[in-house]
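So the structure is just underneath, and the comments pick up after that.
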Amino acid sequence: ATVGADRTYYWDDVEFAAAPPPPTLAQMDLPVSFNDTATVDYGFADFGGNASQLIVDPTDPSNLVAESVKSMTAQLWAGSSLTATLPGFATAIPFTATETSMTVRVWSPVAGIPIRLKVEDATNPTISVETEATITTASAWDTLTFDFSNQAAGTAALNLANTYDLASIFFDFGTDGATVGADRTYYWDDVEFAAAPPPPTL
């Protein structure tokens with residue numbers, strides 16, 4: 001009565017509205033900042049009593065970082081690998097005869113402990129090289145440099161003929177959780193290949 005006339009409507013395609021598929025995320029590649037969660041597939045493979053996750057940086061709410069908790073029951077070799085749906089990095093770490101280092105920004109509750117970084121062939125774990133750096137700052141961010149031309153004792157030397165495309169980090173390597181006597185939480189970020197600086201401009 002309010003309209004005052006007949007009205008004709010047409011309708012069709014009554015369908016169940018399924019959720020759209022999730023976006024396809026890109027495989028991780030260096031440098032790893034953990035901030036591109038909308039486009040990059042970040043992930044961790046923990047072992048030996050380590051537990052890692054992506055969280056908001058406790059010191060900077062605009063930044064995302066990795067949190068690793070080495071438990072009181074952790075093995076001395078407990079650690080975490082950077083791997084997600086696809087293992088390792090999209091491209092191999094570009095080591096050369098003169099460029100053999102990587103850097104990682106680390107926050108540790110204690111200073112004076114070794115942090116070990118291992119790189120390997122994601123398709124062949126028998127191909128690897130490991131090196132260590134000592135963190136000198138407690139409860140603050142510290143950028144550590146890992147020089148793979150100086151491999152850890154008892155581990156293979158860097159071989160430039162090999163492919164290295166998977167990285168793993170070990171906090172307080174060589175000390176188990178029982179010796180520490182408590183869980184310890186570490187944060188890490190900005191995993192990068194440390195290319196040689198350009199020559200000075202003359």
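The values are calculated or read from the model by the stated rules, or taken from the named source; none is laboratory data. Keep in mind that what you see is a predicted model, and the values were worked out from it rather than measured. Every residue, glycine among them, receives a Cβ derived from its backbone with ideal geometry; neighbour counts consider all protein chains shown. Remember, those area values only see protein heavy atoms, side chains included, never the ligands or the DNA or RNA. Shrake-Rupley method; radii C 1.70, N 1.55, O 1.52, S 1.80 Å.
Residue by residue through the range 97-112, note down the ones that are touching a Phe, Trp or Tyr at 6+ places or on another chain (Cβ under 8 Å) and open to solvent by 10 Å² or more (accessible area, probe 1.4 Å). Quick ask: steps written out before the conclusion?
Going residue by residue through the range 97-112, those that are touching a Phe, Trp or Tyr at 6+ places or on another chain (Cβ under 8 Å) are 99-109.
Hits for the range 97-112 are E99, T100, S101, T103, R105, W107, P109.
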Exercise. Give the number of residues within the range 13-62 that are closer than 23 Å to D183 by Cβ and of a type in the set (A, V, I, L, M).
Key: 5
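May I ask you to verify whether V65 is open to solvent by less than 40 Å² (accessible area, probe 1.4 Å) and either in a loop (DSSP other than H, G, I, E, B) or under 22 Å from D183 (Cβ atoms) (or both)?
Values: open to solvent by less than 40 Å² (accessible area, probe 1.4 Å): yes; either in a loop (DSSP other than H, G, I, E, B) or under 22 Å from D183 (Cβ atoms) (or both): yes.
Criteria met by V65.
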Quiz item: Here are some conditions: (1) touching a Gly at 6+ places or on another chain (Cβ under 9 Å); (2) closer than 24 Å to D165 by Cβ; (3) surrounded by 19 or more Cβ atoms within 10 Å (Cβ to Cβ). K70 meets all but one. Which one does it not meet?
Solution: (2)
Exercise. Mind counting the residues in the range 108-141 that are of a type in the set (F, W, Y) and over 16 Å from E192 (Cβ atoms)?
Key: 0
Quiz item: When both residues are 6+ apart or on different chains and their Cβ atoms are under 8 Å apart, which pairs have a first residue that lies in the range 88-100 and is among the acidic types (D, E), and a second that is surrounded by 11 or more Cβ atoms within 10 Å (Cβ to Cβ) and part of a loop (DSSP other than H, G, I, E, B)?
Solution: E99/A195
Quiz prompt | Candidate set: the range 155-202, residues that are farther than 25 Å from P125 by Cα, modelled with pLDDT of 95 or more and of a type in the set (A, V, I, L, M); chosen: the one most open to solvent (accessible area, probe 1.4 Å) | solution = A178
Quiz item: Would a scan of the range 33-52 turn up a residue that is of a type in the set (V, I, T), under 29 Å from the mean Cα position of the chain (by Cα), surrounded by 12 or more Cβ atoms within 10 Å (Cβ to Cβ) and at pLDDT 85 or above?
Solution: yes
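Condition first: open to solvent by 60 Å² or more (accessible area, probe 1.4 Å) and at pLDDT 95 or above. Can you find one or more residues in the range 113-122 that meet it? It would help to see each step written out before you state the result.
From the range 113-122, those open to solvent by 60 Å² or more (accessible area, probe 1.4 Å) are none; that's our starting set.
For the range 113-122, residues open to solvent by 60 Å² or more (accessible area, probe 1.4 Å) and at pLDDT 95 or above: absent.
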Self-check item: When residues of the range 73-96 are limited to those that are open to solvent by 30 Å² or more (accessible area, probe 1.4 Å) and closer than 24 Å to T179 by Cα, the one farthest from the chain's Cα centre (by Cα)
Solution: T73
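Residues are listed down the side, and each one gets a yes or a no for (1) farther than 19 Å from Y164 by Cα; (2) of a type in the set (K, R):
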| residue | (1), (2) |
| --- | --- |
| R105 | yes, yes |
| A122 | no, no |
| A138 | yes, no |
| D142 | yes, no |
| S149 | no, no |
Exercise. Select from the range 130-154 the residues that are closer than 11 Å to R116 by Cβ, assigned to a strand (DSSP E or B) and open to solvent by less than 50 Å² (accessible area, probe 1.4 Å) and list them in ascending order.
Key: E130, T131, A133, L144, F146
Exercise. Read through the list (1) in a loop (DSSP other than H, G, I, E, B); (2) at pLDDT below 95, then give the number of the only condition that T91 fails.
Key: (2)
